[in-house]
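The values are calculated or read from the model by the stated rules, or taken from the named source; none is laboratory data. Only a predicted model underlies this, so the values are computations on that prediction, with no experimental measurement involved. Note: ideal-geometry Cβ built from the backbone for every residue, glycine included; neighbour counts use all protein chains shown. Calculation scope for accessible area: heavy atoms of the full protein, side chains included, ligands and nucleic acids excluded. Shrake-Rupley method; radii C 1.70, N 1.55, O 1.52, S 1.80 Å.
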Amino acid sequence: MAKVLILGGGFGGVVAAERLAEQLGDEHQITLVSRSRQFVFYPALVRLAFGKCQPADVSFDLRQTMLDRKVNFIEAEVAHIDPFERTVTIAHGEVEGKLGYDYLIFALGRRLATEQITGFYEHAHHLLNVDKAIKFGKAINKLREGCVVLGQCPGARLPVPVYESAFALARLLEEKGIRQHVRVTVVSPTTLESEVVDVDAAARLKTALAARQIDFLPGMDIKSLTANAAITSDGRLIPFNLLMLVPPFRGSSAASYVGITNEDGYINVNSSMRVRGHDRIYAVGDCVNFDGPKMGHMAVRQAEVAATNLAAEIERREPAARYEHEMRFVIEGVGDSLYLHKDLWTDEPGTVKQGRFWSWAKRVQKSLWEVSHS
Ligand SMILES: Cc1cc2nc3c(=O)[nH]c(=O)nc-3n(C[C@H](O)[C@H](O)[C@H](O)COP(=O)(O)OP(=O)(O)OC[C@H]3O[C@@H](n4cnc5c(N)ncnc54)[C@H](O)[C@@H]3O)c2cc1C
């Protein structure tokens, strides 16, 4: 019998647990540990902020879902892993102290390093959890005039909600008849091309931003905030009445100090999703050290690869599944919507498509996820 511990109840952890439960016999024990029993469908948080859906539409209870698949669920805070002793230290929750494992899948996502931006907590909105998305939505609804600034901080790896928010905001202001009173600006620490990793997609995005009178400011590496201005590292000021920023990302602190991460805390893995230099540990999702944006569909694919290889390892077969680092996203609001599919491990140009179909497909994908995982 093998004891498998999966850390994290997001896209990566949930899919890893489900795929392992499908592939392993009942004699093996699979346990998922996560700080909350709620699974959150993050790609829907922009729609939540703009009042297009309710909190109940973007989350479901994981415990019952996991039990239905014969996976134990523990609601608890993971403090640290020890790959040498094969233990996980639980800080608090339904259990406390050390949990042993034979095999581990690390899927704790990324940490929001808000401490890197002075004044972030006091002056910026973000929409990286349900409460913050609702709070941002309330602030938008109060807005009548002024400047709204939206963007990513240096080290943030999530462009999609920034652009979706900008287009949704422009549309909302038009509907309210106050568009001419509010200036909307997207700021980027780099360029549009490097944010969306594709020249054609960037060109179409640029055209769509201009068509909606949304300003775009590249090269704005924001370091600190006051109540009404963002300040870049070289001292430029970007005034705002309302600010929404994706904060810098870092790897989960639960993996630090054991020699498995890069300098930003992301876990080094190979294309089998095995942690480099260690047996019996896999890592998937936002926590791993791969280039480019951090996206849910990548976490899902990585989890499928890790689960397949781990099941093979337990059953003494050759772990043969490999991950290919591809990016697929849909940005709603670009004309109708913009789809990009790109291989991030080659220099091949991406496939870019535009049309109403893609925003429909994104919503269908959410519904399919709910039906098949909740
Ligand atoms: C607003 C928004 C819009 C997005 N839009 C898209 C999109 O359109 N398309 C797309 O592909 N991706 C999108 N993403 C990105 C996508 O949501 C993430 O890439 C994905 O959630 C990563 O999955 P994960 O399992 O690695 O991490 P997460 O989903 O972050 O899951 C990590 C889990 O671990 C738990 N956890 C963390 N630390 C601890 C701890 N110490 N102890 C216990 N539990 C812990 C968390 O509570 C969570 O359950 C979006 C994200 C946001 C926020």
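Pairs needed: first member in the stretch 78-99, farther than 20 Å from Gly251 by Cβ; second member anywhere, more than 12 Å from the ligand (Cβ to nearest atom) and open to solvent by less than 40 Å² (accessible area, probe 1.4 Å); C-beta distance under 7 Å; at least 6 residues apart or different chains.
Arg86/Gly100; Arg86/Tyr101; Lys98/Thr87; Leu99/Thr87
Given the options Phe240, Phe290, name the one that is in contact (Cβ under 8 Å) with a residue 12 or more places away in the chain, over 23 Å from Lys135 (Cβ atoms) and aromatic (Phe, Trp, Tyr).
Matching residue, one of Phe240, Phe290: Phe290.
Which helices (runs of 4 or more DSSP H) does the stretch 121-211 wholly contain that include 2 or more residues that are at pLDDT 95 or above and in contact with a His (Cβ under 6 Å, 6 or more places away or on another chain)?
Helices (runs of 4 or more DSSP H) meeting the threshold: 130-142.
Could you check how many residues of the stretch 269-287 are farther than 19 Å from Val4 by Cβ and in contact (Cβ under 8 Å) with a residue 24 or more places away in the chain?
Looking only at that region, the number is 2.
Any residue in the stretch 217-240 that is under 20 Å from Gly355 (Cα atoms) and surrounded by fewer than 17 Cβ atoms within 10 Å (Cβ to Cβ)?
No, there is no match, as no residue in the stretch 217-240 is under 20 Å from Gly355 (Cα atoms) and surrounded by fewer than 17 Cβ atoms within 10 Å (Cβ to Cβ).
To keep it simple, each residue is scored yes or no on (1) modelled with pLDDT of 95 or more; (2) closer than 23 Å to Asp131 by Cβ.
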site: Asp57; (1), (2): no, yes
site: Phe60; (1), (2): no, yes
site: Arg69; (1), (2): no, no
site: Asn72; (1), (2): yes, no
site: Val78; (1), (2): yes, yes
site: Asp82; (1), (2): yes, no
site: Glu94; (1), (2): yes, yes
site: Gly97; (1), (2): yes, no
site: Gly100; (1), (2): yes, no
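Restricting to the stretch 1-38, give me the number of residues that are within 7 Å of the ligand (Cβ to nearest atom) and either crowded, with 23+ Cβ neighbours inside 10 Å or at pLDDT below 95 (or both).
Within the stretch 1-38, residues that are within 7 Å of the ligand (Cβ to nearest atom) and either crowded, with 23+ Cβ neighbours inside 10 Å or at pLDDT below 95 (or both) number 9.
Here's a check for you: in the stretch 352-364, which residue that is in a helix (DSSP H, G or I) and in contact (Cβ under 8 Å) with a residue 24 or more places away in the chain is most open to solvent (accessible area, probe 1.4 Å)?
Trp358
Cβ-Cβ under 7 Å, sequence separation 6+ or interchain: first residue in the stretch 157-179 and in contact (Cβ under 8 Å) with a residue 60 or more places away in the chain and within 16 Å of the ligand (Cβ to nearest atom), partner outside any loop (DSSP other than H, G, I, E, B) and among the aromatic types (Phe, Trp, Tyr). Which pairs?
Correct list of pairs: Arg157/Phe249; Val160/Phe329.
Checking the conditions here, which among Arg316, Arg322, Arg328 is free of Cβ contacts under 8 Å to residues at least 24 places away in the same chain, more than 18 Å from Gly251 (Cα to Cα) and basic (Lys, Arg)?
Selected residue: Arg316, the only one of Arg316, Arg322, Arg328 that is free of Cβ contacts under 8 Å to residues at least 24 places away in the same chain, more than 18 Å from Gly251 (Cα to Cα) and basic (Lys, Arg).
Please determine, by comparing only the residues of the stretch 331-351 that are within 18 Å of Pro161 (Cα to Cα) and touching a residue at least 40 places away in the same chain (Cβ under 8 Å), which one is surrounded by the fewest Cβ atoms within 10 Å (Cβ to Cβ).
By that ranking, first place goes to Gly335.
Give the residue that is nearest to the chain's Cα centre (by Cα), with candidates limited to residues of the stretch 250-264 that are assigned to a loop (DSSP other than H, G, I, E, B) and within 12 Å of the ligand (Cβ to nearest atom).
Ser252
Under the condition of being of a type in the set (Asp, Glu) and buried (at least 20 other Cβ atoms within 10 Å of the Cβ), which residue from the stretch 188-209 is farthest from Leu169 (Cα to Cα)?
The selected residue is Asp198.
Looking at this structure, is Ala307 within 30 Å of Leu169 (Cβ to Cβ), within 16 Å of the ligand (Cβ to nearest atom), crowded, with 24+ Cβ neighbours inside 10 Å and of a type in the set (Gly, Ala, Ser)?
Against the criterion (within 30 Å of Leu169 (Cβ to Cβ), within 16 Å of the ligand (Cβ to nearest atom), crowded, with 24+ Cβ neighbours inside 10 Å and of a type in the set (Gly, Ala, Ser)), Ala307 does not qualify.
Which of the residues belonging to the stretch 39-59 are within 12 Å of the ligand (Cβ to nearest atom) and of a type in the set (A, V, I, L, M, F, W, C)?
Hits for the stretch 39-59 are Phe39, Val40, Phe41, Ala44, Leu45, Val46, Leu48, Ala49, Phe50, Val58.
Could you look through the stretch 72-114, keep only residues that are of a type in the set (Phe, Trp, Tyr) and not in a strand (DSSP E or B), and pick out the one that is least open to solvent (accessible area, probe 1.4 Å)?
It comes out as Tyr101.
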